[in-house]
1. To the nearest 10 degrees, how steeply does helix 160-171 sit against the main Cα axis of the chain, on a 0 to 90 scale?
2. Please express the Cα-Cα pair-distance distribution P(r) of region 297-356 as a list of whole percents, one per 5 Å bin, running from 0 to the bin with the greatest distance.
3. I'd like to check one number: the per residue accessible area of region 250-309, probe 1.4 Å, reported in Å² as a whole number.
4. Round to the nearest 10 and report in Å² the accessible area of His292, as given by a 1.4 Å probe over the protein chains' heavy atoms.
5. Where the accessible area of the chain is counted over protein heavy atoms with a 1.4 Å probe, how much of it, in %, is carbon and sulfur?
6. For region 318-454, what does the accessible surface come to per residue with a 1.4 Å probe? Please give it in Å².
7. With N set to the residue count of the chain, report its C-alpha Rg divided by 2.2 N^0.38 Å to two decimal places.
8. With a point put 7 Å past each Cα toward its Cβ, work out how far Gln314 is from Thr459 in nm, to one decimal.
Amino acid sequence: MKLSMKTFDLCEKAFEENIDFIIFGATGDLAHKKLFPDLYNLAKDAKFSERIRIIAVGRKDFTKDEFLSTFNEFIPEEDRISFFSRIEYFKADFSNLDEMKLLADYLGKNCNSRIFYLAVPPAFYSIIAENLGKVKLNYGCSKHNAFSRIVIEKPFGIDLKSSLELNKTILSVFHEDQVYRIDHYLGKEPVENIFAFRFSNNIFENIWNNKFIDSIQVIATEDIGIEKRGAFYDSTGTLIDVFQNHIIQMISILTMEKPTRFQESFIRTNKTNLIKQLTVSSVVKGQYAGYHDEPNVAPDSIIDTFIAAKLVLQSPKFKGVPIYVKAGKMLSEKKTQIVVIFKPTIRSIFEGDFSSNMLSFQIHPSFNIGLNFAGKVPGFDYTITNMKMNYSYDNYYGELKSEYEKLLIDCILGNQMNFARTDEINASWKITDTIKDKIKNITPIIYPQGSTGPTEAETIIKSDGRSWIYI
């Protein structure tokens with residue numbers, strides 16, 4: 001509750017300031033499908049004050065009206081005048097220093113706080129940051145208490161080496177407290193609630209260790225292919241697209257040590273320390289049948305569209321607890337879930353075939369927290385069976401805010417809790433590179449579209465006497 005009050009106070013303070021929200025790549029898919037719809041929702045819900053101006057920077061030769069017309073499909077006609085009045089379109093090639101100087105002159109007419117959102121391919125991150133520094137847009141204004149911040153989408157590099165180089169460039173222009181490395185999973189309510197669930201409920205936190213937990217499963221599967229992202233996916237794969245960020249983030253929140261304070265620096269440090277203690281036991285690499293027929297994919301590509309792995313934590317609290325991970329594309333269903341399996345009761349006084357207690361966090365297709373336990377079946381005899389309690393976000397709260405809405409507000413407020421720090425990114429890449437080195441020269445196992453993945457992924461868990469659990 002303290003954070004809610006703090007956030008309210010910060011909102012009141014932040015919206016007293018004049019803020020320019022500058023989106024590079026404003027004509028691209030991310031901006032069109034995510035950023036502008038969520039910015040509209042925030043404006044409609046009065047989360048944005050009139051003091052916030054949106055500067056759309058793109059390379060296409062649009063007039064302002066031509067650019068705004070591309071949003072007519074999701075902005076109701078009655079709201080267009082109000083929302084569109086906040087938006088300006090500025091044509092610029094952000095890799096061209098002279099054109100960035102023109103942008104600086106344009107923004108320099110007002111001494112406003114600035115947030116630069118890089119909704120562009122990763123190859124442009126460095127040059128944009130460098131040019132922002134060269135035209136002095138990396139500085140705030142102490143006289144007017146104005147800040148300057150930069151928001152960078154994942155993936156942050158393609159390996160540890162490139163990540164270090166990118167960080168070196170970014171941090172030569174911006175300070176760490178100005179940099180917001182965004183992973184939209186950290187804005188999802190169920191992911192945030194893992195933290196709250198753990199540290200506000202003693203009945204679970206006191207048994208959150210290897211004495212009571214048998215194993216953990218993290219599943220993030222999709223029922224679609226790579227769609228139009230052939231060039232991108234063929235250079236990254238599922239390992240970089242999903243494991244290095246989404247999955248590692250979920251594992252870190254689930255298993256990190258309890259921070260001494262509910263403050264971003266303590267939380268980010270504990271997450272980083274946890275990631276550093278992850279080790280890889282075994283990996284399965286797969287690729288869906290027909291992947292080579294996708295546009296912009298190399299005919300001999302051996303990139304992964306499926307990864308299954310067994311990880312082990314070396315932390316004292318979780319030492320020996322296996323973490324089974326499965327992620328991939330073109331599988332039987334779109335599902336994101338975490339399941340914590342507790343050790344079975346020793347010397348139970350009851351007979352019967354009932355499973356261990358399980359705690360589940362479902363993130364897709366719906367937001368749920370479930371607890372599996374054993375209980376008595378109604379009747380004259382004493383039959384024990386599996387039962388489940390389920391907490392559904394939909395039933396309690398209805399439609400939730402999108403993760404981008406929440407993270408955009410965090411950027412404005414200067415709250416970095418849900419954004420990765422440099423050392424956290426480095427730790428994530430170290431464990432990812434370990435897996436990458438294991439599989440880089442291995443031909444992927446081809447699996448049928450619409451299946452659960454390669455049969456070898458079953459072996460990875462069945463060899464330990466366990467099986468994948470789908471909730």
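1. 40
2. 4, 11, 14, 15, 15, 14, 12, 6, 4, 2, 1, 1
3. Per-residue value: 41 Å².
4. That residue has around 80 Å² of solvent-accessible surface.
5. 52
6. Dividing the accessible area of region 318-454 by its residue count gives 49 Å².
7. Relative to the rule-of-thumb radius for its length, the chain sits at 1.05.
8. Roughly 2.8 nm, to one decimal.
The values are calculated or read from the model by the stated rules, or taken from the named source; none is laboratory data. Just so you know, these numbers come straight off a predicted model, no measurement behind them. Here Cβ is always computed from backbone atoms with ideal geometry, including for glycine, and neighbour counts include all displayed protein chains. Ligands, DNA and RNA are excluded from the accessible area calculation, which covers all protein heavy atoms including side chains. Shrake-Rupley method; radii C 1.70, N 1.55, O 1.52, S 1.80 Å.
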